[in-house]
1. Only one of these conditions is not met by THR312: (1) of a type in the set (Val, Ile, Thr); (2) closer than 30 Å to SER375 by Cβ; (3) under 22 Å from the mean Cα position of the chain (by Cα). Which number is it?
2. Select from segment 227-245 the residues that are charged (D, E, K, R) and either over 19 Å from ASP214 (Cβ atoms) or open to solvent by 70 Å² or more (accessible area, probe 1.4 Å) (or both) and list them in ascending order.
3. What number of residues within segment 107-124 satisfy the criterion of being open to solvent by 20 Å² or more (accessible area, probe 1.4 Å), outside any loop (DSSP other than H, G, I, E, B) and either of a type in the set (A, V, I, L, M, F, W, C) or touching a helix residue (DSSP H, G or I) at 6+ places or on another chain (Cβ under 8 Å) (or both)?
4. Among the residues of segment 46-59, are any within 17 Å of the chain's Cα centre (by Cα) and closer than 23 Å to ALA208 by Cβ?
5. Checking ARG396 against (1) under 20 Å from the mean Cα position of the chain (by Cα); (2) without any contact (Cβ under 8 Å) to a residue 24 or more places away in the chain, which test does it fail?
6. What's the total number of residues in segment 125-137 that are surrounded by fewer than 19 Cβ atoms within 10 Å (Cβ to Cβ) and touching an Asp or Glu at 6+ places or on another chain (Cβ under 9 Å)?
7. Have a look at ARG345, ARG437 and point out the one that is part of a loop (DSSP other than H, G, I, E, B), within 26 Å of ARG264 (Cα to Cα) and of a type in the set (Lys, Arg).
Amino acid sequence: MTALDIPDPSGSGEGGARRFDRLQDWLDWQLGLNPKLIELGLQRVAEVWRRLGHGAPRFPVVTVGGTNGKGSCVAMIDAIARAAGYRCGTFTSPHLLRYNERIRIDGEPVGDESLCESFERIDRARGDLLLTYFEFGTLAALDIFVRESPDLAVLEVGLGGRLDAVNLLDADVSVVTSIGRDHTAWLGETLDEIAVEKAGIFRADRAAILGQSDAPETLRQEAIRLGARPLQMGRELIHETADAGWIWQGPGGRRLSLPLPAMRGRFQLDNASAAIAALMEIEGRLPLPVNAIRAGLQRARLPGRFEVQPGTVTRILDVAHNGPAACALAGNLRAFKSGSGGRVRAVLAILSDKDPEAIVEPLLPHVDDWYLSQSDDGRALSVDALARSLSASVPRPAGLFARLEQALDAAHADSETGDSVLILGSFTTVGQALRYRPGI
């Protein structure tokens, strides 16, 4: 069945047949339901949530926003909570390989049938409201969580915070991992403007965790203005490295001696500190053994974040798609290259709303050859436009490729034993690369 077979475009009708039986049909239809791919605002989702008959969830909710580090923070909260024996639900976006990755319960993606049933309930409840693709997904995640009743739900903000659909629920504790310039068309041009939008997830009389010591002061002041209790890295939250590990210190002088997180990069200590602080804030409802924190930090993994695939030619995949993320990637590359020789060949494909120079500049000292391309995403920046944007910083790329697979093949073919191929630029770039293995 296709959307064209349905005479009533506003809904499937009370008591009627399910609009679609296949998950992919639902997703394809949602992409075209609202003419705007992004339409920030809480009115539509709040109304559908009311019509679904859902109120405040019975389980604690942690909402995680920020420019970079959100996914890592969510993964750590989830891993620590599950190490403590709790059943945790997580909602993240976007996905790398399958849509189902966005909604997980106890670490496992939800099944197609569960998603289709939830989409059907939302479709019936929405009436003539034109939800966006992301709003459908957010409502489905929350609907599934309410029905599954996990011990804890962790929600990643999709865009901004104040007007993002995730902000429908009042979080028991909110985290903003970092503030950087991204999505400026919707969030504002300055870091202060972006900080105000991201601070919108904070709630009065609840903890507002600021995972960046040098975040714009506006972020902390917004938390205070909203009546939240700020806990900021470098102020109320402190971490320091120690022999074979690190020390976490929180409010009241509480100190924990911990192993380093499994996820690479010293910056992950900020994300780990924020994750621990968030779980400490709900410890009255979900007691948190120290051993669970230790185990969770060592178990937490996140595909596509400096994901190293060893081989004759090493593959490194990273979804870095803005300047701050590229700086973090550069740090990981510096540490990685210090222990190995060989050339680094980068395959770069980004989306049209990103700044190519901001992504490339921090990586120039660590990359030997650039292979410029474009992904299959409809929002992808064309390879010709990418090359023009980088004409000053990358005047002589190794090649321009209209298809990502061609760039991957070329980079691997040019590589020798001990070399590395770095694939970066977006979730769609990394996802496409994960589906494809160069034929060499």
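1. Result: THR312 fails condition (3) only.
2. Within segment 227-245, ARG229, ARG235, GLU240, ASP243 qualify.
3. Residues meeting the conditions: 4.
4. Checked segment 46-59: no residue is within 17 Å of the chain's Cα centre (by Cα) and closer than 23 Å to ALA208 by Cβ.
5. It is condition (1) that ARG396 fails.
6. 3
7. ARG437
Listed here are the residues, each with its yes/no results for (1) open to solvent by less than 40 Å² (accessible area, probe 1.4 Å); (2) among the hydrophobic types (A, V, I, L, M, F, W, C); (3) in contact (Cβ under 8 Å) with a residue 60 or more places away in the chain.
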residue	(1), (2), (3)
ARG264	no, no, yes
ASP270	no, no, yes
SER273	yes, no, yes
GLU283	no, no, no
PRO289	no, no, yes
VAL347	yes, yes, yes
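The values are calculated or read from the model by the stated rules, or taken from the named source; none is laboratory data. Quantities reported herein were computed from a predicted structural model and do not represent experimental measurements. No Cβ is skipped: glycine too gets one built from the backbone with ideal geometry, and neighbour counts run over all protein chains shown. Surface areas here come from the heavy atoms of the whole protein model, side chains and all, with no ligands, DNA or RNA. Shrake-Rupley method; radii C 1.70, N 1.55, O 1.52, S 1.80 Å.
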